[in-house]
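Accompanying notes for the structure given below.
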Amino acid sequence: MLYNKETGKGGLGNLYRGDSRAMTRREWRGFKDTFYDFFQWLRVYGMMGLKLGGHPILLVKAMLRYRWMISYLTAANMVDRHTIGQRGRELRYTRAELYSIVRNATINVKKIIERDEHLRPNSKHARKLRENTVMFDEMAPKNIMWGFPTLDWMDIAMMTIGMPGEVDQQANVYYIDRIEEFGMASDVCPLPEAECGCAVADDYPILGTTYITSSMPCDGSIGQTTFMGRYFKDVPMYQITPPQRFNEPEVQDFAVANLQGCIDFIEKHYNVKWSWENFWKEAKRYNASTQAIVDKWDINTTDYPQICGGALSLTREYEFQGAGCMDPFIAKTQIKTAEMAKKGYEADKKAGKKNYRHRAIVWACPAHYYTNFTSWADSTWGVKTLVDMECMLSYHFYHIGDEKAAMIDMAKSYERMMMRSHTNGGYVNSLDELWKMVKKFNADIVIMYDHVSCKNVGCLHGLYEDQAREHGCHMIWVPHDLMDPRTVSRVAMRDAFNKYMTNVFREEPQDPTFVDYEDPLTW
């Protein structure tokens, strides 16, 4: 059956067409949920129009100047992809979570067009904004700005490479090709490739007067800083270098000294002083938001999980890496959705309602060009993804009022940033931690993202396989190439999962139309 009139589900594969960038139509979810979903779709574009409507000429200039800027026009489609097949509370969880991301990204786009030297080279106002702005690399957390309330900051690579790649699967292909034409080997991880290619293509905005980067999660990303240093030329740079073996307490003195050096660097170049008063305010917000995400994880360890898949993982990833845990709207959304999840759990527990066949966790680095893979697995095979490794980054709490302890807390946040918390510090953080989470979440499946260009996780392939058998857990390897959908397409990723579910579990799909369909062009 392609469509089930009783459940209002099915036929989801018919929403796609291989030769189209957009979906063929909006999904019918019954009157109530369809009306709600359409209103939320309008809300996204309405918010974008209100935030950016005051700068129409600059916005057009930005779209003509930067090819990545066009991808933001498809932001509503990105949210739509994550809600396919969802109804009721689940639909509302996802809409609330992802709206907070789009809202913050829109504010950052506005900041870009207001202060970019390429767009406004002669504007005194733009120059003043740049003089008060610190530029950051995508993988350098922004927690250090908690102590500088008079300064602004902008994440350069997140807004040009990271976010566009998650919104539009084709967004980074051009930059990957540019750097390979320049001479970079094609087996390098596509993330630093794309970031270097963006520099070669001269597609980075100039938004501030200093640039802060970090030691990143891997050698490829460390090499990327060389290209960025050449691109920004005479812009003063500081590299935050968290220790690799961060589980050892002896390294924290070095980590704190390195962060103190960054504080001194900012104070010197902007003639400002660190504010502990503001730091405590932001740290309290971080603690409250972190408690909310931990509460959601705790609910998902039960038989009645609530907020799952991309809605859970992407919001925390972006909140920490993109917004620096400084966006009050995202923090309020985290707390709000945690309360929604608690009510949903009580209702499902009372009704004895379980809406899944399998319990899964995601491990290793997921594909930027397929952030809704777990939503697809849920709709097609009933595999509910309870937690994602990449959102389990910095979730310890800050010691409010204790300056020495707080500096160590901030060092730990940098040591456990995205793509680093489980790939640095020894195999215990990746291999041993996996089985702890499998037990904690009572998962019977590990969706193991097999990033074909990543050497860090690739060396543990055999150990993962051996220990999966020892723990009696199904490990489904899903290949991908992070930012480049041409190496491993979305279809190929789904095919690997379909084969396992069909040949090993011997199960039939919940929606046959959603098993095999073409979406090579779809945003």
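The values are calculated or read from the model by the stated rules, or taken from the named source; none is laboratory data. Being a predicted model, the structure only gives us computed values, none of them experimental. So basically every Cβ, Gly included, is an ideal-geometry build from the backbone, and we count neighbours across all protein chains shown. Accessible surface is based on the protein model in full, side chains and every heavy atom, while ligands, DNA and RNA are left aside. Shrake-Rupley method; radii C 1.70, N 1.55, O 1.52, S 1.80 Å.
Could you say whether any residue in the stretch 419-438 is among the charged types (D, E, K, R) and within 16 Å of the chain's Cα centre (by Cα)? Looking for residues that are among the charged types (D, E, K, R) and within 16 Å of the chain's Cα centre (by Cα), one finds at least one in the stretch 419-438, hence yes.
If I filter the stretch 300-311 for residues that are over 23 Å from residue 491 (Cα atoms), of a type outside the set (Asp, Glu) and under 19 Å from the mean Cα position of the chain (by Cα), do I get at least one hit? Yes, the stretch 300-311 contains a residue that is over 23 Å from residue 491 (Cα atoms), of a type outside the set (Asp, Glu) and under 19 Å from the mean Cα position of the chain (by Cα).
Every residue, every condition in (1) touching a residue at least 12 places away in the same chain (Cβ under 8 Å); (2) in contact with a strand residue (DSSP E or B) (Cβ under 8 Å, 6 or more places away or on another chain); (3) acidic (Asp, Glu), yes or no:
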site: 362; (1), (2), (3): yes, yes, no
site: 366; (1), (2), (3): yes, yes, no
site: 374; (1), (2), (3): yes, yes, no
site: 378; (1), (2), (3): yes, yes, yes
site: 385; (1), (2), (3): yes, yes, no
site: 394; (1), (2), (3): yes, no, no
site: 398; (1), (2), (3): yes, no, no
site: 404; (1), (2), (3): no, no, no
site: 416; (1), (2), (3): yes, no, no
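Within the stretch 227-242, which residues are in a strand (DSSP E or B) and of a type in the set (Ser, Thr, Tyr)? Across the stretch 227-242, the qualifying residue is only 238.
Considering only residues in the stretch 243-262 that are farther than 14 Å from residue 403 by Cα and among the aliphatic types (A, V, I, L, M), the one that is modelled with the lowest pLDDT turns out to be 251.
Each row is one residue, and each column tells you yes or no for (1) open to solvent by 30 Å² or more (accessible area, probe 1.4 Å); (2) in contact with a strand residue (DSSP E or B) (Cβ under 7 Å, 6 or more places away or on another chain); (3) of a type in the set (Val, Ile, Thr); (4) farther than 20 Å from residue 109 by Cα.
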position: 201; (1), (2), (3), (4): no, no, no, no
position: 204; (1), (2), (3), (4): no, no, no, no
position: 207; (1), (2), (3), (4): no, yes, no, no
position: 219; (1), (2), (3), (4): yes, no, no, yes
position: 223; (1), (2), (3), (4): yes, no, no, yes
position: 226; (1), (2), (3), (4): yes, no, yes, yes
position: 229; (1), (2), (3), (4): no, yes, no, yes
position: 233; (1), (2), (3), (4): yes, no, no, yes
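Give the residues of the stretch 438-447 that are assigned to a helix (DSSP H, G or I) and crowded, with 19+ Cβ neighbours inside 10 Å, sorted by residue number. Answer for the stretch 438-447, where residues must be assigned to a helix (DSSP H, G or I) and crowded, with 19+ Cβ neighbours inside 10 Å: just 438. Filtering the stretch 68-77 for residues that are in a helix (DSSP H, G or I), open to solvent by 50 Å² or more (accessible area, probe 1.4 Å) and under 30 Å from residue 176 (Cα atoms) leaves a non-empty set.
Before we move on, is residue 509 touching a Ser or Thr at 6+ places or on another chain (Cβ under 7 Å), open to solvent by 40 Å² or more (accessible area, probe 1.4 Å) and over 23 Å from residue 313 (Cα atoms)?
Values: touching a Ser or Thr at 6+ places or on another chain (Cβ under 7 Å): yes; open to solvent by 40 Å² or more (accessible area, probe 1.4 Å): no; over 23 Å from residue 313 (Cα atoms): yes.
So residue 509 does not fit the description; no.
Among the residues of the stretch 111-128 satisfying the criterion of being without any contact (Cβ under 8 Å) to a residue 24 or more places away in the chain and open to solvent by less than 50 Å² (accessible area, probe 1.4 Å), which is farthest from the chain's Cα centre (by Cα)? Per the stated criteria, the residue is 123. Scanning the stretch 279-335 for residues that are over 18 Å from residue 90 (Cα atoms), part of a loop (DSSP other than H, G, I, E, B) and open to solvent by 10 Å² or more (accessible area, probe 1.4 Å) yields 326, 327.
Each row is one residue, and each column tells you yes or no for (1) touching a residue at least 12 places away in the same chain (Cβ under 8 Å); (2) assigned to a helix (DSSP H, G or I); (3) within 19 Å of the chain's Cα centre (by Cα).
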position	(1), (2), (3)
44	yes, yes, yes
59	yes, yes, no
63	no, yes, no
85	yes, no, no
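Restricting to the stretch 12-38, give me the number of residues that are assigned to a helix (DSSP H, G or I) and exposed (fewer than 12 other Cβ atoms within 10 Å of the Cβ). Selection size over the stretch 12-38: 3. The numbered conditions (1) part of a loop (DSSP other than H, G, I, E, B); (2) out of contact with any strand residue (DSSP E or B) (no Cβ under 7 Å at 6 or more places or on another chain); (3) open to solvent by 20 Å² or more (accessible area, probe 1.4 Å); (4) not basic (Lys, Arg) are all true for residue 428 except (1).
Here residue 211 clears all of (1) among the hydroxyl-bearing types (Ser, Thr, Tyr); (2) closer than 24 Å to residue 62 by Cβ; (3) not in a strand (DSSP E or B) except the condition numbered (3). Against the list (1) part of a helix (DSSP H, G or I); (2) within 24 Å of residue 366 (Cβ to Cβ), the condition residue 250 fails is (2).
Restricting attention to the stretch 468-499 and to residues that are among the charged types (D, E, K, R) and under 30 Å from residue 198 (Cα atoms), the residue that is surrounded by the most Cβ atoms within 10 Å (Cβ to Cβ) turns out to be 484. Restricting the stretch 137-194 to residues that are of a type in the set (A, V, I, L, M), open to solvent by less than 10 Å² (accessible area, probe 1.4 Å) and over 28 Å from residue 80 (Cα atoms), the residue that is modelled with the lowest pLDDT is 140.
Output the number of residues of the stretch 385-420 satisfying the condition of being outside any loop (DSSP other than H, G, I, E, B) and either of a type in the set (A, V, I, L, M) or open to solvent by less than 10 Å² (accessible area, probe 1.4 Å) (or both). Don't jump to the end; show me each part of the working.
Of the stretch 385-420, the ones outside any loop (DSSP other than H, G, I, E, B) are 385-391, 403-415.
Okay, now just the ones that are also either of a type in the set (A, V, I, L, M) or open to solvent by less than 10 Å² (accessible area, probe 1.4 Å) (or both), so 385-387, 389-391, 405-411, 413-415.
Counting residues in the stretch 385-420 that are outside any loop (DSSP other than H, G, I, E, B) and either of a type in the set (A, V, I, L, M) or open to solvent by less than 10 Å² (accessible area, probe 1.4 Å) (or both) gives 16.
Annotation: of all residues in the stretch 336-350 being out of contact with any Phe, Trp or Tyr (no Cβ under 7 Å at 6 or more places or on another chain) and either of a type in the set (D, E, K, R) or modelled with pLDDT under 95 (or both), the one that is surrounded by the fewest Cβ atoms within 10 Å (Cβ to Cβ) is 350.
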